[in-house]
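Participant: Before I ask anything, here is the structure I am working with.
The values are calculated or read from the model by the stated rules, or taken from the named source; none is laboratory data. Since we're looking at a predicted model, the values are computed, not measured. Cβ placement follows ideal geometry from the backbone for every residue including glycine, while neighbour counts extend to all protein chains displayed. Accessible surface areas use protein heavy atoms only, side chains included; no ligands, DNA or RNA. Shrake-Rupley method; radii C 1.70, N 1.55, O 1.52, S 1.80 Å.
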Amino acid sequence: MDIDRFFKTVLSQNAEELRKYFQKNAVIKWHCTNEFFTLDEYIRANCEYPGNWDCKVERIEEIGDLIITVTKVFSMDSYISVHATSFLRMEDGKIASMDEYWGDDGEAPKWRLDMEIGKRIR
């Protein structure tokens with residue numbers, strides 16, 4: 001599967017094209033917000049999300065039928081930036097299940113900055 005194209009399809013909010021990546025009975029879990037979606041619900045959540053978005057896939061690992069990705073997702077106005085870690089279990093070349101963990105990008109908390117430990121990654 002072309003991971004870059006998959007995420008670009010998610011962010012382009014093209015429901016018809018997005019559906020082609022999934023098994024009909026696929027399940028999607030967003031663990032950070034404790035949500036479970038059917039494929040139709042997932043497509044609706046993504047395609048009705050406000051704003052214009054882009055992404056950069058930063059890492060891809062494949063283990064058997066599992067594809068693990070780390071993707072930076074950001075609003076086109078650069079106001080919002082988040083990272084998603086996704087676990088895609090594949091069946092017959094399509095996503096059968098997807099578990100995602102989303103986190104906001106930002107500065108280290110003050111208490112840790114006050115400790116004067118760690119360095120910026122980039």
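Participant: One residue is enough: does the range 97-120 have a residue meeting the conditions in a loop (DSSP other than H, G, I, E, B) and among the basic types (Lys, Arg)?
Facilitator: Initially, the range 97-120 is screened for residues in a loop (DSSP other than H, G, I, E, B), giving 105-109, 116-120.
Those left that are additionally among the basic types (Lys, Arg): 119-120.
The answer is yes; a qualifying residue exists.
Participant: Might you let me know whether the range 102-119 holds any residue that is under 25 Å from Gln13 (Cα atoms) and not acidic (Asp, Glu)? Give the steps one after another, and end with the answer.
Facilitator: First, the residues of the range 102-119 that are under 25 Å from Gln13 (Cα atoms): 102-105.
Next, only the ones that are not acidic (Asp, Glu) stay: 102-103.
Yes, the range 102-119 contains a residue that is under 25 Å from Gln13 (Cα atoms) and not acidic (Asp, Glu).
Participant: Mind checking which residues of the range 103-122 are open to solvent by 100 Å² or more (accessible area, probe 1.4 Å) and within 17 Å of the chain's Cα centre (by Cα)?
Facilitator: Scanning the range 103-122 gives a single hit, Asp104.
Participant: Test each condition in (1) touching a residue at least 40 places away in the same chain (Cβ under 8 Å); (2) open to solvent by 40 Å² or more (accessible area, probe 1.4 Å); (3) not in a helix (DSSP H, G or I) for Met90 and report the one that comes out false.
Facilitator: Of everything listed in (1) touching a residue at least 40 places away in the same chain (Cβ under 8 Å); (2) open to solvent by 40 Å² or more (accessible area, probe 1.4 Å); (3) not in a helix (DSSP H, G or I), Met90 misses just condition (2).
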